[in-house]
1. What's the number of the condition Val382 fails, among (1) in a helix (DSSP H, G or I); (2) not assigned by TED's automatic domain parsing to the domain that holds Arg120?
2. Looking at Lys199, is it away from the ligand (no atom under 16 Å from the Cβ) and either not in a loop (DSSP other than H, G, I, E, B) or not assigned by TED's automatic domain parsing to the domain that holds Leu91 (or both)?
3. Considering only residues that are away from the ligand (no atom under 16 Å from the Cβ) and in contact with a Ser or Thr (Cβ under 9 Å, 6 or more places away or on another chain), look in segment 68-108 and name the one that is nearest to Arg28 (Cα to Cα).
4. For segment 276-341, which fully contained strands (runs of 3 or more DSSP E) count at least 3 residues that are more than 8 Å from the ligand (Cβ to nearest atom) and buried (at least 23 other Cβ atoms within 10 Å of the Cβ)?
5. What's the total number of residues in segment 240-258 that are more than 25 Å from the chain's Cα centre (by Cα) and of a type in the set (D, E, K, R)?
6. I need every pair where a residue in segment 106-134 that is not assigned by TED's automatic domain parsing to the domain that holds Gln148 and in a strand (DSSP E or B) has its Cβ under 8 Å from the Cβ of a residue that is more than 9 Å from the ligand (Cβ to nearest atom) and not basic (Lys, Arg), sequence separation at least 6 or different chains.
7. For segment 245-266, give me each residue that is buried (at least 20 other Cβ atoms within 10 Å of the Cβ) and near the ligand (Cβ under 9 Å from one of its atoms).
8. Run Lys100 past the list (1) exposed (fewer than 15 other Cβ atoms within 10 Å of the Cβ); (2) at pLDDT 95 or above and report the number of the one that doesn't hold.
Amino acid sequence: MKIQSIKGTSDIIVPEIKKWQYIEELTRELFKIYGYQEIRTPIIEHTELFTKSIGQSTDIVKKEMFTFKDRASRSITLRPEETASVARAYLESKMYKKSKLVKLYYIGPMFRSEKPQAGRMRQFHQIGVEAIGSYEAYLDAEIIDLMQEIVNEIGLKKTKLLLNTLGCLKDRLRYKEVLKSSLNKDLKRLCKDCKVRFKVNPLRILDCKNPQCQKIIEKLPTPSDYICSECKEHFDKVKDLLDNLGVNYTFHPHLVRGLDYYTKTTFELIHPDLGAKNAICAGGRYDNLISSFGGPEIGACGFAFGLERLLLAKEAEKIGFREKEKDAVYVATVNETSKTEAFKFLKELRTNHIKAYFDYEGKSLKAQMRQANKLNCKYVIVVGEDELRKKRLVLKDMQAHSQQEVNIKDLISTLNKNLSKV
Ligand code: HAM
C-alpha cells in the first residue's frame, strides 16, 4: 500500500516553506513590538474545553472536531482553535497573579474536519494573539490595529475589515428573544439546520450560508439594535479610536462569528479574491470566557489569522517576499587527506556563523565548483594538499570570477569582512 498524506493536510516544503517562515518572522517581530510573548499549548485537549467555550450548537463542535477516546476512555480533541487553550493555560498557570494584563501570541496547527477545498484544510495553521486582563476599548482598537499592521507589512492592499458588536451577555439574551419572535413567521422557510438552531441557539442562524435563509437574515433585526448603553459606548469608543489610527472598517451588523464565546466587538478581515472562504483573519472580545472556566471576571480580546489563507491572498495580489539569505561558502576538496582537514574548516566556519557547504559524494573539484554555483555560493575555498602545506588557501570569488590566496589564520576575518550575514 502506498502511504500518502491524509486528505486536507499538506507537507510544507521548499520553496513554499520560505514564504511561511517569512510571514512567521514578520509577525513575531510585530508581536514583540506590541508587547506580546509567545505561548505554546498542547495540540490535544480534553473535549469539554471546546464544547464549553466554542459552544455545543456551533458547526465546529457539532461537525468539525477530531475527537477520539484515549486508552482510559477519556474524550480527547485535536484543538480546532487556540483561544480556549490559551484561556485554560492562563488559568492553569495562574497568570493573573503575575500581571493584570497578559498578552500572548501563538503560531501553530489547528484541526477541523471540514470538506477540503482551496483555503479550507483539515490541518491548517493559525497565527493569533490573545490579550487577557482589560475591558477597555483601547485593547480592542490596539488588537485590530495590530492585525491591520500585519497586513500592511505584508503588502496586502485589498483586504476589507468587517466590524460589529454583539453586546454583553444580557444584551445577547435580550436579542435572542427578539430574534425568536422575528423568526417565528419564517420558521417553515428556514433550512433543516436553522430549524434546530432556532431551538438551541438562534444567534447561529445569522451565520447560515443557505441562500433561502440569507434572504430571511437580511431582514432581521441586528444585535447592535439591542445593546445596552455601556456596550454602545464601548463600541463607539472602539470606532473612534480606529478612526484616529486611520484604520478603515465597514460596520457589518449581521456579523456574529462561528464561535459562541464572543461578547461586544467582533471582526473579520476578508479578501475579495479568495472566493467563499474569504476570511483571512477573525476575532473579537470574549469577556465571559475566563470566568466561565471558573476564573476571575476579566475582559479579553484576540484574533487569529489563517496562515494558508494569508498566503493565498498574498499570491492573489502577486506580492513577492524579501528573501533574507546569508551569503554562503563552499569548502571544496581534492582528495581524502585534504577532505579530513577541510572538514575542520567547515566546522570553524559554522562556529563563526558562516553558512557553509561541503561535498559528501566524492565529487571531482570541477563538479564541486558546479555545485557551488548551483547553491549560489559567494565563495569557494579550495583546500588542497599544497595549500595546506603552504598554510595558504585559495579563495575563489564566484561572482567576480577572481581568486586570491589567503593565509589560513586570516580566513575567517577575510570572509567576515566580505560576506553579508543578514
Ligand atoms: P475562526 O474564525 O474560527 O476564529 O478562525 C480564524 C481564521 O482561521 C479564519 O479567519 C481562517 O482564516 C482560518 N481558518 C479557519 N478554519 C480554517 C480551515 N479549515 N482551513 C484554513 N483556514 C481556516 C478562531 O479560530 C478564533 N479562535 C479567533 C480568535 C482569537 N478570537 C479571539 N481570539
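The values are calculated or read from the model by the stated rules, or taken from the named source; none is laboratory data. Being a predicted model, the structure only gives us computed values, none of them experimental. FYI the Cβ positions are ideal-geometry reconstructions off the backbone, even for glycines, and counts take in every protein chain you see.
1. That leaves (1) as the condition not met.
2. For Lys199, the condition - away from the ligand (no atom under 16 Å from the Cβ) and either not in a loop (DSSP other than H, G, I, E, B) or not assigned by TED's automatic domain parsing to the domain that holds Leu91 (or both) - is met.
3. Lys100
4. 328-333
5. Matching residues across segment 240-258 total 2.
6. none
7. Arg257, Leu259, Tyr261, Tyr262, Thr266
8. Lys100 satisfies all of (1) exposed (fewer than 15 other Cβ atoms within 10 Å of the Cβ); (2) at pLDDT 95 or above except (2).
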